[in-house]
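To start, the structure under review is shown below, and the notes come after it.
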Amino acid sequence: MTKTKMYEEDLKHAEDLINDQKAYEEAKEDGESSKKVEDTLKAEGSSEDLDSAKENKDENSDNPEKNMDSDNEAAADKGEDADTKFLRLMADFQNFKKRAEKEKSDIYARANESLMLSLLTVIDNFERALDHESKDEKYAEGMHLIFKQLMDALKAAGLEEIKAEDEHFDPNIHNAVMTCDSEHHESGKVVEVMQKGYTLNGKLLRASMVKVNN
């Protein structure tokens with residue numbers, strides 16, 4: 001055997017010894033670590049808990065049906081929470097729809113109220129014009145028909161005239177601007193309407209301006 005070959009074999013043998021020594025030290029360290037963990041658990045009184053955990057693990061692995069029941073219960077609880085959340089969201093959505101519809105109706109009502117208020121002056125002037133006599137009967141008749149069409153359209157939109165003449169004075173819908181002494185009316189009765197009042201969809205739009213008997 002040549003010196004070179006002998007040297008190679010000695011080198012390989014030395015490497016094997018080094019690897020064995022490393023493996024021994026690693027195994028020794030693992031053993032010491034395991035022992036330290038066990039000693040620590042025993043010192044803290046947790047060895048029973050460790051044994052119990054091992055037993056529970058073994059029982060769970062031996063009883064797959066029990067594990068399945070636990071999973072089913074957790075899924076049921078999760079499903080119940082989802083149903084409750086869904087119902088709450090549906091209730092909130094229904095409330096939102098109701099509020100949106102009410103706000104929409106209020107917007108339309110306010111828009112009509114502004115329009116009706118501006119038209120009341122036109123109605124007052126129209127009625128004053130109709131009170132004047134006209135020599136042309138056909139023309140007067142046509143104007144009355146136009147006024148009737150206008151009032152029918154406004155009535156369909158919710159405009160209503162407040163009855164005042166010969167009615168008991170009501171401060172909620174009547175505005176007394178004058179008083180008088182009339183033998184033909186009871187005390188507190190409206191004698192004359194100075195300016196007509198109107199309601200819009202049951203809400204007071206303009207109070208009637210009236211003369212009231214003492």
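So here's what we get for this one:
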quantity	calculated
Residue match in the range 133-143 (condition: part of a loop (DSSP other than H, G, I, E, B), in contact (Cβ under 8 Å) with a residue 24 or more places away in the chain and either in the same structural domain as Lys203 (by TED's automatic domain parsing) or over 21 Å from Leu205 (Cα atoms) (or both))	no
Residue within the range 153-161 that is farther than 30 Å from Ser105 by Cβ, surrounded by fewer than 10 Cβ atoms within 10 Å (Cβ to Cβ) and not polar (S, T, N, Q) present	no
Of all residues in the range 104-140 being of a type in the set (Asp, Glu) and under 38 Å from the mean Cα position of the chain (by Cα), the one that is nearest to Asp152 (Cα to Cα)	Glu113
Hey, Phe169 outside the structural domain of Asn213 (by TED's automatic domain parsing) and either more than 30 Å from Asn214 (Cα to Cα) or not charged (D, E, K, R) (or both) or not	no
Those residues of the range 166-187 which are loosely packed, with under 14 Cβ neighbours inside 10 Å and not hydroxyl-bearing (Ser, Thr, Tyr), in sequence order	Asp166, His168, Pro171, Asn172, Val177, Met178, Cys180, Asp181, Glu183, His184, Glu186
Total residues in the range 190-214, condition surrounded by fewer than 18 Cβ atoms within 10 Å (Cβ to Cβ), hydrophobic (A, V, I, L, M, F, W, C) and touching a Ser or Thr at 6+ places or on another chain (Cβ under 9 Å)	1
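Listed here are the residues, each with its yes/no results for (1) among the aliphatic types (A, V, I, L, M); (2) outside any loop (DSSP other than H, G, I, E, B).
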| site | (1), (2) |
| --- | --- |
| Glu165 | no, no |
| Ala176 | yes, yes |
| Thr179 | no, yes |
| Ser182 | no, no |
| Val193 | yes, yes |
| Leu204 | yes, yes |
| Val210 | yes, yes |
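The values are calculated or read from the model by the stated rules, or taken from the named source; none is laboratory data. Model, not experiment: these values are computed from the prediction. Every residue, glycine as well, gets a Cβ built from its backbone with ideal geometry; the counts of neighbours run over all protein chains shown.
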